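Participant: Shown below is the structure under consideration.
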Amino acid sequence: CIGNVVGSNICNIALILGLSALLSPLAVNAELFKRDLPIMILASVVLTVVCLFCGGIGRVVGLLFTIGIIAYTIIGIKSSPEKCETHSPEMSRTAAYFAVIGGLLALVGGAKLILLGAVAIEKHFGVADEFVALTVVAIGTSLPELATSVVAAKKGEADIAIGNVVGSNIFNILGILGVSALLRPVAIEGMDWVDFGMMLVTAIGLWPLMGARGRLGRFEGILLLAVYGIYL
C-alpha cells in the first residue's frame, strides 16, 4: 500500500508532469504554488519521517491524515472562486453524470486488473512485492492522472495539468494512506530511504522548478523525465 503511494507520487511528478511540460509549457498558478504545493511537500516529509522512524503508519497517524484530507478539501472548496454556471455544448448534464459514473466503475475494474497483473508479473519474474508496487502498480494507478494532465496540457489548461498532480499526491498520502491505516496499520516492509528520498527529491524539487520562471517548460520536463529514468 505504501509502496504504491510512494511510487505513484514519484510517477505523478517526474513522469506525468515531465511529459505534460514536454508537450506544452505549463504556467504555474500562484495560489497553487503558495498553498497546495507546500501542503504536498509537508505531507511527503511527514510520511517519510513517520515511516522511516516508526516502521509504518498506525491508526493514530491514519486518523490525523484522514482529518487532514477532510480539512484540505473543505478549505479548497471554500477558497475556490465562484464561477458562473455554464453548460458544455459537447455534453449534456445527464450524459456528464453517466460519464462520471461509468468512468469510476471502469477505474475500479481497472484497479483490480492491475493488481491481478502485478501479482502475475511478480510470480513470473520472482521480483519483490515492493518493486512491483513502486513501478508497475504505481504507473498503472497513475494512468488517470497521466491522461488528464496530458490532455489538459495539450489544450493549454495548465491549472488542471499541474493541480491534478499536486492534488492527487496530497490525496494519496492523506486520504488513501489515512483511511487504509484506520482500517489496518500499514507497514513499510522492503522499502528504504532510497524510495522515500526520491519522493522527497521530486516533491521538494518541484518548488524551485516552478518558482524559477513561473512555469514548467520543456527543459524542466526533460529534467523530470530524466530523474524518473534514473530512479527506474
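The values are calculated or read from the model by the stated rules, or taken from the named source; none is laboratory data. The structure displayed is predicted, hence computed values, not measured ones. With ideal geometry, Cβ positions are generated from the backbone for all residues, glycine too; neighbour counts draw on all protein chains shown. Surface areas here come from the heavy atoms of the whole protein model, side chains and all, with no ligands, DNA or RNA. Shrake-Rupley method; radii C 1.70, N 1.55, O 1.52, S 1.80 Å.
Participant: Looking for something out of contact with any strand residue (DSSP E or B) (no Cβ under 6 Å at 6 or more places or on another chain), modelled with pLDDT under 85, open to solvent by 60 Å² or more (accessible area, probe 1.4 Å) and in a helix (DSSP H, G or I) - is there at least one such residue anywhere in the range 204-215?
Facilitator: Yes, some residue in the range 204-215 is out of contact with any strand residue (DSSP E or B) (no Cβ under 6 Å at 6 or more places or on another chain), modelled with pLDDT under 85, open to solvent by 60 Å² or more (accessible area, probe 1.4 Å) and in a helix (DSSP H, G or I).
Participant: Spot the failing condition for Ala71; the list is (1) more than 15 Å from the chain's Cα centre (by Cα); (2) open to solvent by 50 Å² or more (accessible area, probe 1.4 Å), and only one is missed.
Facilitator: (2)
Participant: Looking at the range 23-44, which of its residues are farther than 18 Å from Gly211 by Cβ and touching a Leu at 6+ places or on another chain (Cβ under 7 Å)? Full working, then the answer.
Facilitator: Of all residues in the range 23-44, those farther than 18 Å from Gly211 by Cβ come to 23-24, 43.
Once the filter is applied, which keeps residues that are farther than 18 Å from Gly211 by Cβ and touching a Leu at 6+ places or on another chain (Cβ under 7 Å), the range 23-44 yields only Ala43.
Participant: Being of a type in the set (Asp, Glu), in a helix (DSSP H, G or I) and closer than 18 Å to Leu15 by Cβ: is that true of Asp159 here? Give the derivation first.
Facilitator: Working: of a type in the set (Asp, Glu): yes; in a helix (DSSP H, G or I): yes; closer than 18 Å to Leu15 by Cβ: no.
No; evaluated as a whole, the condition is false for this residue.
Participant: Which one of these does Val227 not meet: (1) at negative phi; (2) modelled with pLDDT under 90?
Facilitator: Going through (1) at negative phi; (2) modelled with pLDDT under 90 one by one, Val227 breaks only (2).
Participant: While we're here: Scan the range 84-106 and report the pairs whose first residue is assigned to a loop (DSSP other than H, G, I, E, B) and whose second residue is at pLDDT 70 or above, with Cβ atoms within less than 8 Å and a gap of 6+ or a chain change.
Facilitator: Close Cβ pairs satisfying both conditions: His87/Arg93; Ser88/Ala96; Met91/Ala99.
Here is a yes/no grid of residues against (1) touching a residue at least 60 places away in the same chain (Cβ under 8 Å); (2) among the small types (Gly, Ala, Ser); (3) surrounded by fewer than 19 Cβ atoms within 10 Å (Cβ to Cβ); (4) outside any helix (DSSP H, G or I):
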{"residue": "Val5", "(1), (2), (3), (4)": "yes, no, no, no"}
{"residue": "Ile10", "(1), (2), (3), (4)": "yes, no, no, no"}
{"residue": "Leu15", "(1), (2), (3), (4)": "yes, no, no, no"}
{"residue": "Leu19", "(1), (2), (3), (4)": "yes, no, yes, no"}
{"residue": "Leu22", "(1), (2), (3), (4)": "yes, no, no, no"}
{"residue": "Glu31", "(1), (2), (3), (4)": "no, no, yes, no"}
{"residue": "Arg35", "(1), (2), (3), (4)": "no, no, yes, no"}
{"residue": "Ile39", "(1), (2), (3), (4)": "yes, no, no, no"}
{"residue": "Leu42", "(1), (2), (3), (4)": "no, no, yes, no"}
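Participant: Tell me which residues, restricted to the range 162-199, are in a helix (DSSP H, G or I) and among the β-branched types (Val, Ile, Thr). Before the answer, list the steps.
Facilitator: So the first thing to find is which residues in the range 162-199 are in a helix (DSSP H, G or I), and the list is 162-183, 193-199.
Correct list: Ile162, Val165, Val166, Ile170, Ile173, Ile176, Val179, Val194.
Participant: Considering only the range 216-232, state which residues are open to solvent by less than 30 Å² (accessible area, probe 1.4 Å) and farther than 24 Å from Leu52 by Cα.
Facilitator: Quick first cut of the range 216-232, residues open to solvent by less than 30 Å² (accessible area, probe 1.4 Å) only: 216-217, 220-221, 224, 228.
Scanning the range 216-232 gives Leu216, Gly217, Glu220, Gly221, Leu224.
Participant: Quick one: which of Phe53, Phe65 is assigned to a helix (DSSP H, G or I) and either open to solvent by less than 70 Å² (accessible area, probe 1.4 Å) or basic (Lys, Arg) (or both)? Spell out the reasoning first.
Facilitator: On the way: Phe53 fails: either open to solvent by less than 70 Å² (accessible area, probe 1.4 Å) or basic (Lys, Arg) (or both).
One residue alone meets the criteria, Phe65.
Participant: Same structure, new question: Among the residues in the range 115-123, are any acidic (Asp, Glu), closer than 27 Å to Leu17 by Cα and open to solvent by less than 70 Å² (accessible area, probe 1.4 Å)?
Facilitator: Restricting attention to the range 115-123, the residues satisfying the condition of being acidic (Asp, Glu) are 122.
Still in the list and also closer than 27 Å to Leu17 by Cα: none.
So far as the range 115-123 goes, no, none of its residues is acidic (Asp, Glu), closer than 27 Å to Leu17 by Cα and open to solvent by less than 70 Å² (accessible area, probe 1.4 Å).
Participant: List pairs: first residue in the range 193-208 and farther than 12 Å from Thr48 by Cα and free of Cβ contacts under 8 Å to residues at least 24 places away in the same chain, second residue open to solvent by less than 70 Å² (accessible area, probe 1.4 Å) and among the small types (Gly, Ala, Ser) anywhere in the structure, Cβ distance under 8 angstrom, at least six positions apart or on different chains.
Facilitator: none
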